[in-house]
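The values are calculated or read from the model by the stated rules, or taken from the named source; none is laboratory data. Computed from a prediction, not measured in an experiment: that's the story for all the values here. Here the Cβ positions follow ideal geometry from the backbone for every residue, glycine too, while neighbour counts run over all protein chains shown. All accessible areas refer to the heavy atoms of the entire protein, side chains included, with ligands and DNA or RNA removed. Shrake-Rupley method; radii C 1.70, N 1.55, O 1.52, S 1.80 Å.
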Amino acid sequence: MWNGIFTGTSIPLLTRVANFTEVRHTVLAGNLANLDTPGYQAMDLPVEDFRAHLRRALAEKNTAPLMSPGDRAYYLSAKPPDWSSQKRPFLRHDGNDVSIEEQVSEMVKNQMLHNTALTIMASQFRLLLTAISERV
């Protein structure tokens with residue numbers, strides 16, 4: 001009964017978004033921490049890949065549970081971005097390609113996505129609380 005209440009909302013979807021942004025923030029912070037490490041290559045979790053992963057999970061919502069313990073492994077699969085389809089950032093003489101401006105910009109966008117997911121999730125919980133307490 002309780003499981004149906006939560007799966008009938010957007011809470012499982014928002015949980016995935018919050019988990020993704022949390023892990024991506026850690027990856028981006030690691031890039032900043034290695035700003036002066038010779039030969040370090042910036043890593044990231046591609047947002048587009050996550051969106052595609054989320055679309056597949058939503059399409060299979062009725063056949064499989066939306067939350068899966070194996071998803072954490074997907075989030076931890078950070079790798080250097082594929083620069084073949086993008087303009088490669090500057091490369092310093094020590095082989096490091098971390099751009100502080102780019103990393104901070106990505107962290108800000110990631111934080112905004114995280115805050116949005118948590119705000120919507122809090123709203124969903126308030127709606128559930130109102131429905132359960134039978135007060136308007």
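Some points to look at:
- Residues located in segment 92-112, provided they are open to solvent by less than 70 Å² (accessible area, probe 1.4 Å) and either part of a loop (DSSP other than H, G, I, E, B) or in contact with a Lys or Arg (Cβ under 6 Å, 6 or more places away or on another chain) (or both): ARG92, ASP94, GLY95, ASN96, ASP97, VAL98, SER99, ASN110
- Filter result for PHE125 (at pLDDT 85 or above and either among the small types (Gly, Ala, Ser) or open to solvent by 40 Å² or more (accessible area, probe 1.4 Å) (or both)): yes
- Residues of segment 35-86 satisfying the condition of being modelled with pLDDT of 80 or more and part of a loop (DSSP other than H, G, I, E, B): LEU35, ASP36, THR37, PRO38, GLY39, TYR40, GLN41, ALA42, MET43, LEU45, PRO46
- Residue match in segment 113-120 (condition: open to solvent by 40 Å² or more (accessible area, probe 1.4 Å), out of contact with any His (no Cβ under 9 Å at 6 or more places or on another chain), modelled with pLDDT under 90 and not hydroxyl-bearing (Ser, Thr, Tyr)): no
A quick yes/no check of all residues on (1) closer than 29 Å to SER123 by Cβ; (2) under 15 Å from the mean Cα position of the chain (by Cα); (3) open to solvent by less than 40 Å² (accessible area, probe 1.4 Å):
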{"position": "SER10", "(1), (2), (3)": "yes, no, yes"}
{"position": "LEU13", "(1), (2), (3)": "yes, yes, no"}
{"position": "ARG16", "(1), (2), (3)": "yes, yes, yes"}
{"position": "ARG24", "(1), (2), (3)": "yes, yes, yes"}
{"position": "ASN31", "(1), (2), (3)": "no, no, yes"}
{"position": "ASP36", "(1), (2), (3)": "no, no, no"}
{"position": "GLU48", "(1), (2), (3)": "yes, yes, no"}
{"position": "ARG51", "(1), (2), (3)": "yes, yes, no"}
